[in-house]
1. Counting just the residues of the stretch 14-41 that are open to solvent by less than 80 Å² (accessible area, probe 1.4 Å) and assigned to a loop (DSSP other than H, G, I, E, B), which one comes out modelled with the highest pLDDT?
2. For the stretch 76-89, how many residues are crowded, with 22+ Cβ neighbours inside 10 Å and not in a loop (DSSP other than H, G, I, E, B)?
3. For the stretch 46-67, does any single residue satisfy the condition of being in a loop (DSSP other than H, G, I, E, B), open to solvent by 40 Å² or more (accessible area, probe 1.4 Å), under 23 Å from E108 (Cβ atoms) and at pLDDT 90 or above?
4. Of all residues in the stretch 77-135, which are over 17 Å from S25 (Cα atoms) and of a type in the set (G, A, S)?
5. For the list (1) more than 29 Å from A94 (Cα to Cα); (2) free of Cβ contacts under 8 Å to residues at least 40 places away in the same chain; (3) not hydroxyl-bearing (S, T, Y), I need the number of the one condition that P276 fails.
6. Tell me the residue from L160, L156, L179, L169 that is among the hydrophobic types (A, V, I, L, M, F, W, C) and either open to solvent by 40 Å² or more (accessible area, probe 1.4 Å) or farther than 24 Å from I125 by Cα (or both), please.
7. If C92 satisfies every condition in (1) open to solvent by less than 10 Å² (accessible area, probe 1.4 Å); (2) part of a loop (DSSP other than H, G, I, E, B) but one, which is the exception?
8. Can you name every residue in the stretch 208-229 that is open to solvent by 70 Å² or more (accessible area, probe 1.4 Å) and of a type outside the set (D, E)?
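The values are calculated or read from the model by the stated rules, or taken from the named source; none is laboratory data. Quick caveat, the model's predicted, so the values are computed rather than measured. Heads up, the Cβs are rebuilt from the backbone with ideal geometry, glycines too, and the neighbour counts pull from every protein chain shown. What goes into the accessible areas is simple: the full protein's heavy atoms, side chains included, and nothing from ligands, DNA or RNA. Shrake-Rupley method; radii C 1.70, N 1.55, O 1.52, S 1.80 Å.
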Amino acid sequence: MEQLAQSPEKLVLGGEQREMTVMFSDVRGFTTISEIYKDDPQGLTALMNSFLTPLTNAIIDRKGTIDKYMGDAIMAFWNAPLHDPTHELNACEAALDMHERVERLNREREQTSKTNATQFIPIQIGVGINTGTCVVGNMGSDLRFDYSVLGDSVNLASRLEGQCKSYGLPIIIGSRTALAAKDKFAILELDFIAVKGKKEPEVVYAIVGRDDMTKSANFQRWRELNMKMLSHYRSRDWTAALAAIEQGRAADEENRFQTLYKIYFDRIRAFQMSPPPDDWNGAYALESK
């Protein structure tokens, strides 16, 4: 606002290219939750505000800009309008903060439900984050416009959020975000995928914790087994890859990666029946958004 007050000429249609980090978050199974409130629209509105507020605060506290709300979803970005030299790290911190605040909200909602003898369904969110060159600026029409961001990197962030449910993990990030964040967070490589609507495949990762987790023996074991599985999988050594999956399943005492292991187990079984082409580079084409 201070910048606009000093330079009101910026309030015109137009944009600029800038490297940015973009986030999409969405509530898993919100349709089921909203059905509980089908006769109580005020209650549904209060619920939405109760989780959108802490999620918004988590983003703002980490220097993010809210682009828009789309029902129960949030789109946000970093490194605009103000310069943020650590935009990738701030976006990752915000994502972890958001999950912590949702957990706190769920504990409060569960206690309220017990007191009022009402049904409780926990809120779970998926977050997709990606970094890349975008166009940011005032976009819209002559009558109404918003400060927003466009570009291929934005689309990929949206696609990554959509895959959180598929992989059973709450935060999925693109390769450029992971490159900047790899020394500050517990990050696992997930896959080499070609998302729907995008020709070039992308290595994607999951954030499973902050820096303190990277020092834990459990995480180091998970990462070692994960890299072993991916290496055997991409070299078409299906037997060794399946063995690594079984080791990973046994080591995953908290059941955090069981969905991921099932994905690779099912793929490998399919490839054993019908091998990939000779020029296969390990990429997997996703059929859904």
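1. Residues of the stretch 14-41 open to solvent by less than 80 Å² (accessible area, probe 1.4 Å): 14-15, 18-30, 32-34, 36-37, 40.
Filter again for assigned to a loop (DSSP other than H, G, I, E, B), leaving 29, 37, 40.
Numbers: G29: 81, Y37: 83, D40: 86.
Filtering the stretch 14-41 for residues that are open to solvent by less than 80 Å² (accessible area, probe 1.4 Å) and assigned to a loop (DSSP other than H, G, I, E, B), the one modelled with the highest pLDDT comes out as D40.
2. Number of matching residues: 5.
3. Checking the stretch 46-67: at least one residue is in a loop (DSSP other than H, G, I, E, B), open to solvent by 40 Å² or more (accessible area, probe 1.4 Å), under 23 Å from E108 (Cβ atoms) and at pLDDT 90 or above.
4. Those that are over 17 Å from S25 (Cα atoms) and of a type in the set (G, A, S): A80, S113, A117, G132.
5. Against the list (1) more than 29 Å from A94 (Cα to Cα); (2) free of Cβ contacts under 8 Å to residues at least 40 places away in the same chain; (3) not hydroxyl-bearing (S, T, Y), P276 comes up short only on (2).
6. The match here is L179.
7. Only one criterion is unmet by C92, namely (2).
8. Going through the stretch 208-229, the residues open to solvent by 70 Å² or more (accessible area, probe 1.4 Å) turn out to be 212, 215, 217-218, 220-221, 223-224, 227-228.
Selection gives K215, A217, N218, Q220, R221, R223, M227, K228.
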